[in-house]
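Below is one structure; the comments refer to it alone.
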Amino acid sequence: MKHSTKRGSAEEQVRSTGSVLLQEIRRPGGFFLALVVGGTLSYTRRFESVANYIPFIVPYLVSVLTRSVVRLKGRRREMLLDLPAYRRDPAFIMDCEGRIVASAGETEALFAREGIDHLDQLLQGPEECSAGSALLGDNRDKPDYPFYSPVTNRWYSVQLRGDRRESDWLVWLDDVTERVHLEERKDALREFTHRLQHELLERETGHSDDTRLAQLLLSEGYQAVMLARLDAPGDGPVPGGNASAHGTVYTADGASHGPVTIAAGAEAPIMRSRREGRAIWDDARSWASRSEFERTYPVLPDVAAILGSPVLNFANYHSGDVSIIAFNKAGRLNSGDIAILESAADTAVTAFSLLDLARRADRRFIQSIHGVCAAAEYSDELTGGHIWRVNDYSRHIAETLGLDPLQCEELGTVAALHDIGKVAIPHLIKLERSLTGDEREEMQMHTIYGTQIVDRMRITSGESDPRLQMASEIALHHHQHWNGTGYPGLIADDGTMIAPRSRDIATYRRLRPAREQEIPLPALIVSLADKYDALRSCRQYKPAFSHKKVRDLLARDDRSGLVGAEVFGSEVFQAFMDTHRELERIFQEGQTEVLCDSEMKP
């Protein structure tokens, strides 16, 4: 077989050589030139012999043979040289200034039609420089980023061949528009994924998950997207393949329509991928008739009314209990569109499931906090709803201070644990008189007991939870003062803070209280919230005070003479002054306790 192939190649080579040689011999110009030269010289020698022509004909024949060999060797190279004339993507020669000096074929026609004679008219460079500067500047590395051409509305990778010492450069452009668009779509998908991951980590719950997925798909150029969730598992061979569903249609104008009901077993294409176990897409323009396309893929009447125009194409995919169909993409659908649809749906459904798990975990956490706080309430009937109002006050002060929304939310959940240590001293809580000095010192230990209780919760959970860490710090520090006059004592002579593990009061007598930056900010916020509500509420040792009186007392304590900034720090106290009316509203709305007869009216 190899021998036959080689013999065929040799025969073809002989035929090609003979063909080229014959073409050269047939050229009349060669004969004419030899005749004229030979005739002229022979005339001067008076036609002594016909043989006198031979010296002129032989060189001619040698020349013919030489040119034939050269043409034969360069025949394919000439074909390559002609290639730029037939390229759809521009190919041309420019000088070192970026001026276009030569082009051919379709490129030449394009340049003539658009009046282009310089590279910068064809391509846009990066924002900081022109295309010519980017390609021919001092940077010797050719830019690997694509260039956009407003002339053709396409993106190109630029290829250059030349020497900086020479004046001309060969340039040809490779169309990478589809690659650029795919990267843009992948970037959008990455952003969507990262946002979902952020929400999972931050436990955000405010935005509709389905709406974000629909917006991502609509950005691909679809007219509308319908998302449907199964009502219950179906009985078909494919899980959910014979189930009813309810969906919402999202349109490119930002509107949403629904719910739209999909009956079990309906032939609507949105459930087709689920029944067939794969992605489904089709285009009406590839069918012999529209009626046949519509019979094969019947659109629900409600969806057809929302679209308001015939279905030109669609893409259908399902993941988990979610089915997705996207209608009327500009242009024709391709495998890349389906890949983006599948990736977005799979990512979204997985993330949504994890978000649901996180939200359920949050609900269980809040239920646990409420259960512990209910125990504190039970032992402290006088304070009743106090701990819940402190939650609301603290959240609002934190928002006024501009804290991170997640931190505000967490603070508004765990602030209620600030007095959890009081469950350890019920005999003091229920006293209907003022406390003695020793009793007051024992009462102050509720801060130590509180942090020990919360720390036990942290150990029992087996994992680090920043919310419980915050709750522990609040329980320990919420009676500390900015100027260092609060309690309990925690700071040793060398400035280190001890771990509050001891239950012996004497341990903390030898230490000084925390002050200034040693006090966590959440604890200062809860400290103010706690004092505001305690002063507003009736106790066995004091009447309830009006909002105005409490505001004045927090600004300057008439017993100690301390001003608000000395107790809570200037930033926290200023936040209270900026939002004290909101705290008054929260107190009034949450006031369920029996008020003392001596309570002053606001």
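The values are calculated or read from the model by the stated rules, or taken from the named source; none is laboratory data. All values reported here derive from a predicted model rather than from experimental measurement. So basically every Cβ, Gly included, is an ideal-geometry build from the backbone, and we count neighbours across all protein chains shown.
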Checking Thr507 against (1) among the β-branched types (Val, Ile, Thr); (2) modelled with pLDDT under 95; (3) within 46 Å of the chain's Cα centre (by Cα), only one condition comes out false. Which one?
(3)
Output the residues belonging to the range 444-494 that are of a type in the set (A, V, I, L, M) and within 36 Å of the chain's Cα centre (by Cα).
Met457, Ile459, Leu468, Met470, Ala471, Ile474
What residue, among those in the range 444-484 that are hydroxyl-bearing (Ser, Thr, Tyr) and farther than 22 Å from Ser394 by Cα, is surrounded by the most Cβ atoms within 10 Å (Cβ to Cβ)?
Ser461
Every listed condition ((1) under 24 Å from Ser167 (Cα atoms); (2) surrounded by fewer than 17 Cβ atoms within 10 Å (Cβ to Cβ); (3) at pLDDT 80 or above) holds for Arg88 save (1)
Counting only residues that are assigned to a loop (DSSP other than H, G, I, E, B) and modelled with pLDDT under 80, how many does the range 204-229 have?
5
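Conditions (1) in contact with a His (Cβ under 9 Å, 6 or more places away or on another chain); (2) of a type in the set (Gly, Ala, Ser), marked per residue:
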{"position": "Asp504", "(1), (2)": "no, no"}
{"position": "Pro520", "(1), (2)": "yes, no"}
{"position": "Ser527", "(1), (2)": "yes, yes"}
{"position": "Lys542", "(1), (2)": "no, no"}
{"position": "Ser546", "(1), (2)": "no, yes"}
Unique residue being out of contact with any strand residue (DSSP E or B) (no Cβ under 6 Å at 6 or more places or on another chain), surrounded by 15 or more Cβ atoms within 10 Å (Cβ to Cβ), within 20 Å of Met445 (Cα to Cα) and among the small types (Gly, Ala, Ser) when the list is Ser537, Ser527:
Ser527
Quick check on the range 276-291. Is at least one of its residues in contact with a strand residue (DSSP E or B) (Cβ under 6 Å, 6 or more places away or on another chain) and under 23 Å from Arg212 (Cβ atoms)?
yes
Testing Ala555 on (1) modelled with pLDDT under 90; (2) surrounded by fewer than 18 Cβ atoms within 10 Å (Cβ to Cβ); (3) more than 22 Å from Gly489 (Cα to Cα), one condition comes back false. Which one is that?
(1)
Among (1) within 42 Å of the chain's Cα centre (by Cα); (2) within 18 Å of Pro150 (Cβ to Cβ), there is one condition Arg87 misses while meeting the rest; what is its number?
(2)
Which listed residue, of Val563, Val550, Val567, is farther than 22 Å from Gln517 by Cα, under 50 Å from the mean Cα position of the chain (by Cα) and β-branched (Val, Ile, Thr)
Val550
Of everything in the range 510-522, what is surrounded by fewer than 22 Cβ atoms within 10 Å (Cβ to Cβ) and in contact (Cβ under 8 Å) with a residue 24 or more places away in the chain? Give them in sequence order.
Arg512, Pro513, Arg515, Glu516, Glu518, Pro520, Leu521
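For every residue, the table says whether it meets (1) touching an Asp or Glu at 6+ places or on another chain (Cβ under 7 Å); (2) of a type in the set (S, T, N, Q); (3) within 23 Å of His396 (Cα to Cα).
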{"position": "Thr507", "(1), (2), (3)": "no, yes, no"}
{"position": "Pro513", "(1), (2), (3)": "no, no, no"}
{"position": "Ala523", "(1), (2), (3)": "yes, no, yes"}
{"position": "Ala529", "(1), (2), (3)": "no, no, yes"}
{"position": "Val550", "(1), (2), (3)": "no, no, yes"}
Any idea how many residues of the range 543-574 are assigned to a loop (DSSP other than H, G, I, E, B) and closer than 17 Å to Gly486 by Cα?
7
Conditions first: (1) outside any helix (DSSP H, G or I); (2) within 46 Å of the chain's Cα centre (by Cα). Arg433 passes all but one, so which condition is the exception?
(2)
